[in-house]
Amino acid sequence: MTEPRLGFSAARALIAAVLISAPTFAFGRPAAATDNGESVDVRPEIIVSGELTTEYESSVDATGFTTVIRAGEAWRGYRTVGELLGRSVGLRVTNFGGPEDLSTVSVRGSGPAQVRILLDGVALTRAGNAVVNLADIPLDAVDRIEIHRGYTPVRFASSGASSVINIVTRQVEGPTLSSSASFGSFTTVKGTLSGGSPLTGGTLSGVLTVRHTDGDFEYIDDRGTPLNPDDDVETKRKNNDSSSVDALARYVVPLGNSRLTVTNDVFYKDRGTPGNGVSQALDARVRGLRNIFAADWTSEDDRYGAAFDFSYLDEIVEDPSSADTQEGNTSLGLPYDEAHNTTSALGIRGRAARPLPFGQYLEASIAGGFERFLGSYPKNPFSGNDESRFNLAVAVGDDIYIDRWNFTATLQVRHESLWNRFNSTFAGIPVPTDERPDNYDGATNPRLGLRWDPVPALTLKGNLGTWFRPPTFRELFGTDGFTAPNPTLEPESGFNRDVGFIARGARLGPIRSPVLEGVYFDNDLEDLILLVTTGGNIPVATNFSRARIRGVELRAAFEIGPFLSVEGNYTHQDGENRSRVVELRGRELPNLPSDVAFARLLFSQPSFSVAYEFDYQSDVFLDDTENRERRQPGYGTHNLELLFALGGGGFLFKFQAMNLTDEQYFDRWQFPQPGRAFYATLSYENRDVAASNGDAT
Amino acid sequence: MRPERRKRAAVSLVLAALISPLAVSPGAHALCGDLNTDGHVAATDALVSLQVVVAGGYRLRGDVNPESTGDGELTVTDSLRTLQSAVSLTIPRCAAAAGSLLVATSSVSFGNGGLTEVRLDNFEIERQQEGITAGDSVLRMHNGRAFVLNRFAANNLQEIDLDDPDFAALSQCSLGSGANPHDVVLITEEKGYVTRYDKPSLGVVDLSVDSTCGGFVSKLIDLSALSDNDGVPEMDQMALIDGSLFVALQRLDRRNFFLPTGPGTLAVIDTVSDTLIGEVPLQIVNPFAETKGLIFEPSLGRLFVGGPGTLFTNLEDGGIEAVNPQSASSEGIIITGAELGGDLLDFVIVGSTRAYAIVSDRRFVASLVEVDLTTRSVVDTLIQSEYSISDIELDESGILCAADRNPLAPGLRCFDIASNLELTEGPVFGGLTPFNVIFRRSPGSR
């Protein structure tokens, strides 16, 4: 390993940061905090609307390290959920193309399947496929993104992951109307229309988003010959277009001291899937429809809640083999021309919390669900796959607050059981009933969290706890035509530990509202699922791998004078592969850059703002055996944003220049990334109406 | 050699003489000292050696005297040395024997590849490099030149400088988007043929092009006429025989989980006109052997084509089939999957009566077995693994090496086929898991 190992030195660096910063911040004025523990915004009000902000704590987890991205103004520009997550501390987003293409997220070096992604509390992570495509989450309908790094709050009973990202959609409180239109490079178009109106004692609101891009950016194609640069050619990404429509409708009605929220979100996509940059599949596509219906009842004090949800996902994967008969074209190599994957899922959730004597705050939640995955192949002679899962999860937590010391201890325990049923075919061949590999997975995971606020400006926190990630249907039953079933497969599991601080103040010379967070984490991952080749030359999922990931997360924000605000973060991670697989043991973990940094400078005036962003990522191995020829070199990208208020009527114009220096790079599996791109957005909001009704955004 | 094997060897000698189509002369897989080419070194071989000496002839594989190996002369000393080997149940070395093993390595995830060279005298790693080939690659040799076919998603042919300690690339040229090359055969130092597994046409390549690779694929020979309904015949391995190129076509249905649509076939290409001139219909389905070209025994005049048939669900089909390239006809299956005990994944022929094979059973357990072709039965199991044994190769000196891809104990494992005892003390492992093995011989052999 060539990279310096993180160990004592990293911990020492973290401690030093605490020692240096804590005394300084300790004398500052503490940031405002609400009585009920609502999210704390330590930054001042943004002068020009249309900007995004980041918060450092969440009301639902007192001891965990969380990030809350306020994205309620994202619709006034051209952004994606993947972009926002990718610049958040501790997170790594893998992009399989441009902003509208498949992208996945990992937290603190975990695999993407170990991150449970929720949309308004409803799981997007499914048993058929645990990896969520971030491009399927329309940012313009999002209010905030809550990132719980390393732990799952009690209110999400069903964990099944190392970390949780809950994406909360916009909720309009009164009559308002807003819209935006974006145009940009690669024939990118985006339109958003949202509004709300009182209706029969409640509020009906909706957000409609339409996105399209041709995605035909230019890149250097090495023609699959990395050792021969002389044959490289500049080419365009083909069959990389993407169109999507998302319609979010919500009705909120008060019910005495509580309220009922009924939400329906329907999302449709139609995308080309060209594969990697070396061999572009010109005919492969994926089309999908997702509908999520949820009814959520919440007490006014947020101590009690109950929810019901129903999700339906229908995805059609097309990979016509006729492409293989054409020179210059290819298929993706899937073993069918067309597949229909359908998931139907029902979920119920309930939670309750109440204070107890001696400073205790007891919280419990329960969740149950049933989901069924059907895979069919219309052009094949057999019926396809039929798998189902029933899950039941219970989580209980007790926050013990010792007022005298400003000290909180959190004890949690979570149990989850899953029953998986297989009624299907293996590689297109029916499996006899008596040989069907049904499966049960279950785990109990405890967590201990500590929090100490020795002075109002300083918070010290630490956590340790375990987690598990159940195998997907594909891993258990091998129903993709490429892998063999392994019903004895164990869930992935892990032991996470972290310790850190948040220091905040009001003023330090010319610096206003500074906040600094530092965290050291040390995670062990066990029974990681890895595909290996059997004696029959067919891959099978095994629990062969282990890993240890240690790292430091630092982030800071402050303002200089009334007009300039600065925020940034830096993540250092060191992953050691401790796999039982001989060739992997001792190597660096793939897709885990040791150093990632993000910085944003915002200069705001009442009528305009200018923002500069810088993303940096150190070089990284993209495969698990340190393939130096396919190592992604380190790179930095620069973005610029200009935002103007057009008159006083609620119109804003935003201009974005992304990747200004036209940095060319590839992500995993040789997927090229777009170079320089420009976007312009004109947006309008009926401010008077919104302001008079206390628009949540 | 155990008594039963000794007796079987004697019987097979008689059988070999009787079943003339399988009576071989020295070929690619004949052993040193095995001059009657029955797959064993016995006293009769010493007698044949003596007859050649008296007649003033020369046999490369009879030239086994270690003092004068490769001197171009066959003497009584060579005959005596053969007799000594027969008595001591060993296989002597001869001028045809290899000096080292080249191993194409591929990571378990097939995300990274490399090359390793292993000495044959002590099975120690001489040199190795990672990251110089694609993760899914196979190795071929031609007249001492080493070529790597970087297959799925890489689609190129790479020539390796074996004189360079780091296996530097002499060239690397694309074979076209989505080509997935599986085999290369050179008919001259500049002209070759490459099977493009995911395309309907065979590539003719010009190795003399410069590093821009313009005109590297100089011609395409359409084989779609021999494909199944999906238009892609899944061309796999090749053999060049008297100017005709034989190309194994699997004919899988890529719209239906790559299941076989029926028996495979051999396309026959005229390498003068670069045209498809015929086919040899096979009896087995799914003729597939990714780690080596088609096996041709020159003295027999026979091609041997093997494959698993329908994988997993039909363990009885597939097997090894003999083909007469002169008459362009199949001579039938010489051993079936049922007789082998499962899906045949790779094999080598040893003389006229023996073979070694990798066979996978219903539980996906792979076995390296010795096969008696005269009785059409498995006579010994050398190793078994729940994980892939991706390749076996045999040297004329009787060293059989297997690429054991057990992720928990991967490595190269070599055996002495005189005794079937393992020569390596443990898996020879250099950093990446072995996938494809090839003996490094002198120029002139494939």
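The values are calculated or read from the model by the stated rules, or taken from the named source; none is laboratory data. Just so it is clear, the model here is predicted, and its values are computed rather than measured. Quick reminder, even Gly has a Cβ in these numbers, built from the backbone with ideal geometry, and neighbours come from all protein chains shown. Note: areas computed on protein heavy atoms with side chains; ligands, DNA, RNA excluded. Shrake-Rupley method; radii C 1.70, N 1.55, O 1.52, S 1.80 Å.
Name the residue that is most open to solvent (accessible area, probe 1.4 Å), counting only residues in the range B:298-308 that are touching a Leu at 6+ places or on another chain (Cβ under 8 Å) and not aromatic (Phe, Trp, Tyr). Taking the candidates together, the pick is B:ARG302. Considering only residues in the range B:152-165 that are modelled with pLDDT of 95 or more and either over 22 Å from B:SER211 (Cα atoms) or within 12 Å of chain A (Cβ to nearest Cβ) (or both), the one that is most open to solvent (accessible area, probe 1.4 Å) turns out to be B:ASP161. Across the range B:313-324, the qualifying residues are those that are assigned to a loop (DSSP other than H, G, I, E, B) and touching a strand residue (DSSP E or B) at 6+ places or on another chain (Cβ under 7 Å), and the one among them that is most open to solvent (accessible area, probe 1.4 Å) is B:GLU316. Checked across the range B:167-175, the condition of being under 29 Å from B:PHE246 (Cα atoms) and in contact with a Cys (Cβ under 6 Å, 6 or more places away or on another chain) holds for at least one residue. Search the range A:335-387 for residues being crowded, with 22+ Cβ neighbours inside 10 Å and part of a loop (DSSP other than H, G, I, E, B), and hand back the single one that is modelled with the highest pLDDT. Among those residues, the one meeting the criterion is A:ASP337. Tell me whether the range B:184-202 contains one or more residues that are over 20 Å from the mean Cα position of the chain (by Cα), at pLDDT 95 or above, part of a strand (DSSP E or B) and within 14 Å of chain A (Cβ to nearest Cβ). Checking the range B:184-202: at least one residue is over 20 Å from the mean Cα position of the chain (by Cα), at pLDDT 95 or above, part of a strand (DSSP E or B) and within 14 Å of chain A (Cβ to nearest Cβ).
The set of residues in the range A:138-156 being over 13 Å from the mean Cα position of the chain (by Cα) and surrounded by fewer than 24 Cβ atoms within 10 Å (Cβ to Cβ) consists of A:ASP143, A:ARG155. All conditions but one from (1) more than 25 Å from the chain's Cα centre (by Cα); (2) more than 14 Å from chain B (Cβ to nearest Cβ); (3) open to solvent by 60 Å² or more (accessible area, probe 1.4 Å) apply to A:ARG628; the one that does not is (2). Does B:ARG440 meet the test of being within 15 Å of the chain's Cα centre (by Cα) and under 18 Å from B:GLU124 (Cβ atoms)? Here the answer is yes, as B:ARG440 does meet what is asked. Taken over the range A:324-334, the criterion of being facing chain B (nearest Cβ under 7 Å), open to solvent by 30 Å² or more (accessible area, probe 1.4 Å) and part of a loop (DSSP other than H, G, I, E, B) is satisfied by A:GLU327, A:GLY328. Every condition in (1) touching a Leu at 6+ places or on another chain (Cβ under 7 Å); (2) free of Cβ contacts under 8 Å to residues at least 24 places away in the same chain is met by B:ASN155 except one, and the failing one is (2).
Among the residues of the range A:524-555, those that are farther than 20 Å from A:PRO471 by Cα and either free of Cβ contacts under 8 Å to residues at least 12 places away in the same chain or open to solvent by less than 30 Å² (accessible area, probe 1.4 Å) (or both) comprise A:GLY535, A:GLY536, A:ASN537, A:ILE549, A:GLY551, A:VAL552, A:GLU553, A:ARG555. Looking only at residues of the range B:64-79 that are at pLDDT 90 or above and either touching a Cys at 6+ places or on another chain (Cβ under 8 Å) or not polar (S, T, N, Q) (or both), we find that the one that is least open to solvent (accessible area, probe 1.4 Å) is B:ASP78.
Scanning the range A:592-625 for residues that are assigned to a strand (DSSP E or B) and either touching a Pro at 6+ places or on another chain (Cβ under 7 Å) or within 14 Å of another protein chain (Cβ to nearest Cβ) (or both) yields A:GLN617, A:VAL620.
Which is open to solvent by less than 30 Å² (accessible area, probe 1.4 Å), touching a helix residue (DSSP H, G or I) at 6+ places or on another chain (Cβ under 8 Å) and modelled with pLDDT of 90 or more, of B:THR82, B:THR37?
B:THR82
Scan the range B:138-151 for residues that are crowded, with 18+ Cβ neighbours inside 10 Å and not in a strand (DSSP E or B) and the total you get is 1. Restricted to the range A:93-105, and to residues there that are within 9 Å of the chain's Cα centre (by Cα) and open to solvent by 10 Å² or more (accessible area, probe 1.4 Å), the residue that is farthest from A:VAL131 (Cα to Cα) is A:VAL93. With respect to the stated conditions, B:GLY111 fails to be in contact (Cβ under 8 Å) with a residue 12 or more places away in the chain, in a strand (DSSP E or B) and surrounded by fewer than 24 Cβ atoms within 10 Å (Cβ to Cβ).
Of the listed requirements (1) without any contact (Cβ under 8 Å) to a residue 24 or more places away in the chain; (2) crowded, with 20+ Cβ neighbours inside 10 Å, B:SER174 misses just one: (1).
Annotation: of all residues in the range A:43-92 being of a type in the set (A, V, I, L, M), more than 28 Å from A:ARG354 (Cα to Cα) and modelled with pLDDT under 90, the one that is surrounded by the most Cβ atoms within 10 Å (Cβ to Cβ) is A:LEU52.
Does A:ASN543 satisfy the criteria of being outside any strand (DSSP E or B), within 14 Å of chain B (Cβ to nearest Cβ) and in contact with a strand residue (DSSP E or B) (Cβ under 9 Å, 6 or more places away or on another chain)?
no
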